[in-house]
Each structure stands twice: as C-alpha cells, then as structure tokens.
Amino acid sequence: MSKIQIAGQVQHMPGPWGLALPAAGVQVEVIDVDQGGGDDLIWRGRTGADGRFAGTSSEWQDTTRVNVWVVSGFPPRGQWVSKTVPDPGDLLRLKLRVQAQGRTHEVFPFANAAPLPVLLPWGPAFVPKAARALLVVNNTVEMGAPKYRALYQFLETSGDAVAHSLCGPHYQSVRSLNAGAATVQGFLDALRDLARAPGIQAVDAIVNLHGAEGALLFAGTGAGGLPVASLGDKLVNLNLAGKLRLLYNTSCFGHSHAAAFTQGGFNTVIGGRRVVCNSATEYPVLLSQWVAGLGVEAALATAQAAPLREPMDQIARTQLGFDEADSFKLVSGNPALTIGSLAG
C-alpha cells in the first residue's frame with residue numbers, strides 16, 4: 001500500500017490583518033509529481049478554521065508490468081506470468097496547490113507535515129461594513145400556541161431589537177420583516193432587494209419562525225407551513241448565490257431546513273436538531289461573537305455551550321411540556337465563515 005498521511009497548515013502572509021492569520025476554508029490539493037509528466041492528484045480537502053488540513057492520500061505510487069517466472073506443479077514446471085507491481089522508479093515528490101479568492105498558489109517541493117505553515121502571498125478577502133446587509137425575519141406569535149403568547153411576543157420583539165442593537169453598527173443596512181410582514185414572498189423580495197443594492201457584496205439572514213421537520217411557518221402559510229424544498233427552489237430562481245452568506249435559523253428542526261437553504265445559495269446555515277428552546281441565551285451571544293469576527297463554528301460553540309443550553313432544554317421538557325426539546329445546532333456549509341468573508 002502506497003498511501004501517506006497528509007498534514008499541513010496554510011496562513012496568509014503578514015499584513016494589517018496580523019502576522020499569523022489562518023487561511024480558513026480554502027481548497028488544498030496535494031499532488032505527486034512524476035518524472036516526465038502524468039502528475040497524480042492524491043488528496044483534496046479544505047482547511048479548517050485554524051488553517052490546518054489533514055487526511056489520508058490515495059495510492060501515490062505508479063505501477064508497472066513485469067514478467068515473472070512462476071514454478072508450479074510436480075514435476076516442477078514453470079511459465080512466464082505478467083504481474084503488476086509498484087514502479088520502483090516512481091519516487092514520492094509532493095506539490096501543494098492552494099486555491100482561494102480566484103487565485104492559485106503552488107509550493108514545490110511541499111514538505112508534508114512540516115512545522116512551518118505555507119504562506120499565501122496575499123491577504124484575506126474582506127467584506128467591509130459598507131458591503132454587508134442583514135435581513136431579520138420574526139414571526140412567532142401568529143403560529144404559536146395561544147398559552148405561550150406572552151413568551152412568543154417577547155421572542156418576536158426581542159429577536160428584532162437584539163439583532164438591530166448588536167448587528168446594526170456592523171452592517172450597511174438591517175431590514176426587518178416582523179409579524180404579518182414575514183411572508184414567503186416578503187422574504188424572497190427582501191433578499192433580492194438587499195442583494196441588488198449598490199455596493200452590497202454579502203447578505204446575511206436571521207430567521208426567527210416556528211418550524212417543523214422539513215417546513216417553515218412563514219406568515220400566511222397555515223399550520224403546516226411551507227415545505228423548505230419549495231423554498232429552496234424559489235431561492236434558486238433568485239440567482240443570488242455568491243451574495244447569500246450566513247443564514248442563522250432559530251426555528252425548531254432548523255437542521256432539516258439547511259439543505260434547502262444551501263441549495264438556494266446560502267454559503268453557511270445554522271440550524272437546530274429538534275425543538276429549540278435556548279434562544280434567550282444563545283441568540284445574543286452568537287450575534288456578539290459573529291460581529292466580533294469569530295468564525296461561525298467557533299461563535300456557535302460558545303453560544304450553545306452545554307452550561308447555557310442544557311438547563312433551557314431541561315426546563316422546556318419538565319415544565320413546559322416540550323418533550324422533543326433539543327436546542328443543539330449544527331453548521332452546514334463553511335464553518336469558518338466570518339462577518340468579513342466573501343460568500344464564495
């Protein structure tokens with residue numbers, strides 16, 4: 001077997017962004033360079049939030065055919081047999097190719113598992129405040145159980161107020177769709193208008209709605225809500241991929257909606273496993289971490305840490321009757337996305 005363990009780290013060259021900034025979420029290819037051509041791609045992957053990459057390569061050594069004299073039987077007889085064996089002339093020589101921001105950087109020879117990082121000869125792509133827009137969608141009262149109306153009224157009002165307070169200083173514009181305005185068409189129209197506004201390069205969205213497995217309850221959709229597969233198709237028709245960036249979905253069963261949103265053009269989606277009950281603690285922490293420049297995965301890890309999340313779920317199960325309370329959220333797409341990142 002001619003497989004090897006691949007490992008390394010990629011950083012941006014020193015600059016105003018810092019001396020050792022990891023190149024997060026960039027594509028890395030490791031290539032075995034053969035004498036006389038015929039190079040072999042033996043590993044492909046992406047860097048994590050820390051710029052590191054690792055994995056197991058495919059078979060790197062070429063093969064050749066040789067004739068072998070094989071003796072068998074009694075009395076012994078022999079014959080020439082053609083066999084495939086590793087080519088002893090194929091020596092391991094590695095090249096690294098990094099692709100990011102429409103650019104390519106190659107390192108040859110690449111010292112696998114070297115302690116020093118590979119430096120990209122450019123800085124990170126950065127989306128400034130003037131090029132960012134945020135859409136906040138809130139509708140929890142209309143479709144919520146009447147006995148929890150006061151709770152849902154608080155969530156609907158605070159969902160908008162907290163987003164404006166924490167995110168407003170970091171976005172060129174923040175638009176809200178509250179209560180009856182939080183319709184499917186309103187959501188689609190707002191995304192389109194924000195993405196087409198002059199100078200806007202990235203649009204993020206926060207969705208605070210009720211949800212079910214594979215469905216979202218926008219205003220006017222009824223108790224069954226809108227199947228997210230249909231919503232994904234509508235988003236595809238907007239043709240906004242490359243501008244749609246983060247979608248933070250606080251709705252119940254949000255992870256079941258993620259594929260439709262990524263299909264529709266969003267780069268990164270946050271969504272809960274089942275019934276979400278921890279918004280009061282998670283929401284402000286996550287948004288604070290996000291605007292401070294943390295990547296999505298790191299920001300979410302802090303915001304939904306067990307000491308904050310588990311008591312909320314326990315109260316929901318034992319005192320409010322939400323048997324399926326499980327607020328743990330997962331990230332789909334690029335976990336290293338930051339408020340300054342291009343959607344890609």
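The values are calculated or read from the model by the stated rules, or taken from the named source; none is laboratory data. None of these values were measured; they are calculated from a predicted model. Here Cβ is always computed from backbone atoms with ideal geometry, including for glycine, and neighbour counts include all displayed protein chains. Keep in mind that these areas ignore ligands, DNA and RNA; they rest on the heavy atoms of the full protein, side chains included. Shrake-Rupley method; radii C 1.70, N 1.55, O 1.52, S 1.80 Å.
The residue of the range 15-41 that is farthest from Gly333 (Cα to Cα), among those that are part of a strand (DSSP E or B) and modelled with pLDDT under 85, is Gly15.
Take the residues in the range 39-87 that are of a type in the set (Phe, Trp, Tyr) and open to solvent by less than 80 Å² (accessible area, probe 1.4 Å), then tell me which one is farthest from Lys3 (Cα to Cα). Give the derivation first.
Just the residues of the range 39-87 that are of a type in the set (Phe, Trp, Tyr), to begin with: 43, 53, 60, 69, 74, 80.
Remaining after also requiring open to solvent by less than 80 Å² (accessible area, probe 1.4 Å): 43, 53, 60.
Details: Trp43: 10, Phe53: 16, Trp60: 6 Å.
Among residues in the range 39-87 that are of a type in the set (Phe, Trp, Tyr) and open to solvent by less than 80 Å² (accessible area, probe 1.4 Å), the one farthest from Lys3 (Cα to Cα) is Phe53.
Matching residues to (1) in contact (Cβ under 8 Å) with a residue 60 or more places away in the chain; (2) touching a Pro at 6+ places or on another chain (Cβ under 9 Å):
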| site | (1), (2) |
| --- | --- |
| Thr64 | no, yes |
| Trp69 | no, no |
| Val118 | yes, no |
| Pro121 | yes, no |
| Lys129 | no, yes |
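Just one of the numbered conditions (1) under 23 Å from Lys243 (Cα atoms); (2) open to solvent by 50 Å² or more (accessible area, probe 1.4 Å) is not true of Gln153: (1). Annotation note: of Val269, Val285, the sole residue that is at pLDDT 95 or above, of a type in the set (Val, Ile, Thr) and over 15 Å from the mean Cα position of the chain (by Cα) is Val285. Considering (1) open to solvent by less than 30 Å² (accessible area, probe 1.4 Å); (2) part of a helix (DSSP H, G or I); (3) farther than 14 Å from Asn249 by Cα, say which one Ala336 fails and leave the rest. All conditions pass for Ala336, except number (2). Consider Lys95 carefully, then state whether it is assigned to a strand (DSSP E or B), open to solvent by 60 Å² or more (accessible area, probe 1.4 Å) and of a type in the set (Lys, Arg). Judged against the criteria, Lys95 is not a match.
Would you be able to say whether some residue in the range 179-188 is open to solvent by 40 Å² or more (accessible area, probe 1.4 Å), under 23 Å from the mean Cα position of the chain (by Cα) and either without any contact (Cβ under 8 Å) to a residue 24 or more places away in the chain or closer than 19 Å to Ala241 by Cα (or both)? Scanning the range 179-188 turns up no residue that is open to solvent by 40 Å² or more (accessible area, probe 1.4 Å), under 23 Å from the mean Cα position of the chain (by Cα) and either without any contact (Cβ under 8 Å) to a residue 24 or more places away in the chain or closer than 19 Å to Ala241 by Cα (or both). Identification of strands (runs of 3 or more DSSP E) wholly contained in the range 214-319 with 2 or more residues that are under 23 Å from Pro128 (Cα atoms) yields 244-249, 268-272.
Please work out if Val331 is in contact with a Cys (Cβ under 7 Å, 6 or more places away or on another chain) and among the hydrophobic types (A, V, I, L, M, F, W, C). In short, no.
Within the range 293-304, not a single residue is within 18 Å of the chain's Cα centre (by Cα), open to solvent by 20 Å² or more (accessible area, probe 1.4 Å) and farther than 30 Å from Gly51 by Cβ.
For the range 305-344, a tally of residues being at pLDDT 95 or above and under 17 Å from Val207 (Cβ atoms) returns 5.
Tell me whether the range 139-149 contains one or more residues that are under 16 Å from Gln9 (Cβ atoms), open to solvent by less than 70 Å² (accessible area, probe 1.4 Å) and outside any strand (DSSP E or B). Show your work before the answer.
If we filter the range 139-149 for residues that are under 16 Å from Gln9 (Cβ atoms), which is where we start, we get none.
No, every residue in the range 139-149 fails to be under 16 Å from Gln9 (Cβ atoms), open to solvent by less than 70 Å² (accessible area, probe 1.4 Å) and outside any strand (DSSP E or B).
Tallying residues that are among the polar types (S, T, N, Q), touching a Gly at 6+ places or on another chain (Cβ under 9 Å) and assigned to a strand (DSSP E or B) within the range 98-138 yields 1.
Within the range 18-28, the residues that satisfy the criterion of being farther than 16 Å from Ala111 by Cβ, more than 16 Å from the chain's Cα centre (by Cα) and surrounded by 13 or more Cβ atoms within 10 Å (Cβ to Cβ) are Leu21, Pro22. Scanning the range 203-252 for residues being surrounded by fewer than 20 Cβ atoms within 10 Å (Cβ to Cβ), of a type in the set (Asp, Glu) and either touching a residue at least 40 places away in the same chain (Cβ under 8 Å) or under 23 Å from Cys277 (Cα atoms) (or both) gives a total of 1. In the range 4-14 there is at least one residue that is assigned to a loop (DSSP other than H, G, I, E, B) and either among the acidic types (Asp, Glu) or open to solvent by less than 50 Å² (accessible area, probe 1.4 Å) (or both).
Scanning the range 253-284 for residues that are of a type in the set (Ser, Thr, Tyr) and touching a strand residue (DSSP E or B) at 6+ places or on another chain (Cβ under 7 Å), we see that the one that is least open to solvent (accessible area, probe 1.4 Å) is Thr268. Looking only at residues in the range 212-250 that are out of contact with any Ser or Thr (no Cβ under 9 Å at 6 or more places or on another chain) and small (Gly, Ala, Ser), the one that is nearest to Gly180 (Cα to Cα) is Gly222.
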